[in-house]
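Contents: one structure, followed by commentary.
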Amino acid sequence: MPKKCVLILLDGLGDRAQADLDHRTPLQAADTPCLDKLAAMGSTGLYHAGKIGRPLPSENAHFALFGFPENEFPGRGPLEGLGADVPLGDNDVAMLAHFASVLRTLDDELILRYDRVCGTPEEIDALYAAMAGFELDGVRVDLHRTGGMFSVLTLRGDVSPHITDSNPMVDGRPLSAIEPMSGHVDDPATVRTARVLTEYLRQAHLRLAGAEVNGIRARQKLPSINGLVTQRAGRLCPCTPMAARYGLRGLSVASGVMYRGMARFLGMDFHRMKDSSDPGRDLARRIDFASTALDWYDFIHVHTKAPDQAAHTKRPGAKVKAIESLDKGLAEAIDPLLRNDDVLVVVTADHSTPSGGTLIHSGEPVPLLFNGPGVRRDGVDRFDEIGVACGALGSMRGDELMHMILNYTDRARLGGIRDTPVTRAHWPGDYRPFTVTDREER
Ligand SMILES: [Zn+2]
């Protein structure tokens, strides 16, 4: 029976029927002999990390599929901050922030003109220089550069993460006002945070609009980079790490900063492998690395962002190509895992990313397969959203994925067993041995 699990996570793999692809999903349209072989040799089904129909971002979906409860989720901002080595105190609030191009209307609204805008490294340096230190009402605000236009914004002081975003995410929409979230409108720290951040973003617009770099861009007829937009504020919070929660030594192999932060937060190790222009080759190298790391880890997350990125271009054909490249990468590297009777291979995605329409992510479930000794074999031999719907795993949700991984690696605790004071999902737990002494217990 398998003792360890390699979870191959094809980010944003799920999709919708696309007219450009004869009303098939990109995964249906793609030629994927290796994924189909894995499906034919194992169990398949559909998976959703949250509730069916509810689109999730990668961070929430990963948190759930790693088996962690929503109330221990710290927010995207702190995860990104941890991943980028941004210094974060326990009470600091962190959020995503990036430079954008905005238009000021006659009503003094700011319209998001371009959420993504390009600048030279020298221009970006000048933008950050314009955003040097800010303090108001005892709250210090710092912009920590994480890559290009992107950064993590931190607020330090008596602050709260319960505030709204300013980034509407869609070009042409007005930026949203920073407001306390419902349930926090009378909380002084939340009200202060909203006020300080509003003033900071107001000043950011004025400083950036007046920066010399934008004068030069105007003469070159380039859009002004005159806004800073924010979203997904959060704060670090206590979290039971993976080893204690599931008895697993975990490793994540990925390229993104957020995955490094999430691994740190969940007590997993992290190995960064950069993306190249060949996603299949990248995936093969990551699986190769996972194969060599199995002596030290029980659970290895191997991640590729390629299907999600291709879907965000809203070109279904680009997603088909990305999937076919990943299948070739899988075929190149998967055999050592399949030959190893100690290994359970799981392939799935964190969410669906539709390569058509206007949604960023969508709420349909994603395909899932389990492959390894002992795994039931169903009759499904096509790994796509429709084929796996007939599979033996049925429709799985949230932390059920991690429970099934514990199950197929013979780690799942029989309900009712009490070897540890805190009931966990894994067995045997990290229990205290029973000892005897020559003295009578009193
Ligand atoms: Zn994702």
- request: Sort out which residues of the stretch 356-382 are under 23 Å from the mean Cα position of the chain (by Cα) and away from the ligand (no atom under 16 Å from the Cβ), and write them in order of number.
  value: G356, G357, T358, L369, F370
- request: Hey, could you check the stretch 116-131 for residues that are surrounded by 12 or more Cβ atoms within 10 Å (Cβ to Cβ) and among the acidic types (D, E) and say which is farthest from A211 (Cα to Cα)?
  value: D125
field: Boolean, F383 is under 14 Å from I8 (Cβ atoms) and part of a loop (DSSP other than H, G, I, E, B)
entry: yes
Residue check, G357 loosely packed, with under 12 Cβ neighbours inside 10 Å, in contact (Cβ under 8 Å) with a residue 24 or more places away in the chain and at positive phi: yes
- prompt: Looking only at the stretch 237-264, which residues are in contact with a Leu (Cβ under 6 Å, 6 or more places away or on another chain) and closer than 30 Å to E199 by Cβ?
  reply: M258, G261
- line: Picking from G329, G363, G374, the residue that is surrounded by fewer than 18 Cβ atoms within 10 Å (Cβ to Cβ), in contact with a strand residue (DSSP E or B) (Cβ under 9 Å, 6 or more places away or on another chain) and farther than 25 Å from G53 by Cβ would be G374
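In this structure, is N71 at pLDDT below 95 and within 18 Å of the chain's Cα centre (by Cα)?
The answer is yes for N71.
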- prompt: Based on what the data block shows, is S166 in the same structural domain as I225 (by TED's automatic domain parsing), more than 24 Å from G256 (Cα to Cα) and among the hydroxyl-bearing types (S, T, Y)?
  reply: no
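With more than 16 Å from the ligand (Cβ to nearest atom) and either outside any loop (DSSP other than H, G, I, E, B) or polar (S, T, N, Q) (or both) as the only criterion, which of D327, D308, D419 stands out?
Unique residue meeting the criteria: D327.
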- prompt: In the stretch 247-282, what count of residues is obtained for those that are within 16 Å of the ligand (Cβ to nearest atom) and within 17 Å of the chain's Cα centre (by Cα)?
  reply: 13
query: Quick one: how many residues across the stretch 209-251 are under 30 Å from D115 (Cα atoms) and surrounded by 15 or more Cβ atoms within 10 Å (Cβ to Cβ)?
result: 20
query: So, in the stretch 311-324, of the ones that are surrounded by 23 or more Cβ atoms within 10 Å (Cβ to Cβ) and among the hydrophobic types (A, V, I, L, M, F, W, C), which residue ends up farthest from the ligand (Cβ to nearest atom)?
result: V320
- request: Please determine, by comparing only the residues of the stretch 291-305 that are polar (S, T, N, Q) and over 22 Å from the mean Cα position of the chain (by Cα), which one is nearest to the ligand (Cβ to nearest atom).
  value: S291
- prompt: Can you tell me which residues in the stretch 152-196 are among the basic types (K, R) and assigned to a loop (DSSP other than H, G, I, E, B)?
  reply: R173
Matching entry among G147, G138 (being assigned by TED's automatic domain parsing to the domain that holds R195, exposed (fewer than 13 other Cβ atoms within 10 Å of the Cβ) and under 25 Å from F265 (Cα atoms)): G147
task: All but one of (1) more than 14 Å from the ligand (Cβ to nearest atom); (2) in contact with a helix residue (DSSP H, G or I) (Cβ under 8 Å, 6 or more places away or on another chain); (3) polar (S, T, N, Q) hold for T353, so report the exception by its number.
output: (1)
query: Going by the conditions given, is L46 in the same structural domain as F265 (by TED's automatic domain parsing), aliphatic (A, V, I, L, M) and buried (at least 24 other Cβ atoms within 10 Å of the Cβ)?
result: no
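The values are calculated or read from the model by the stated rules, or taken from the named source; none is laboratory data. None of these values were measured; they are calculated from a predicted model. No Cβ is skipped: glycine too gets one built from the backbone with ideal geometry, and neighbour counts run over all protein chains shown.
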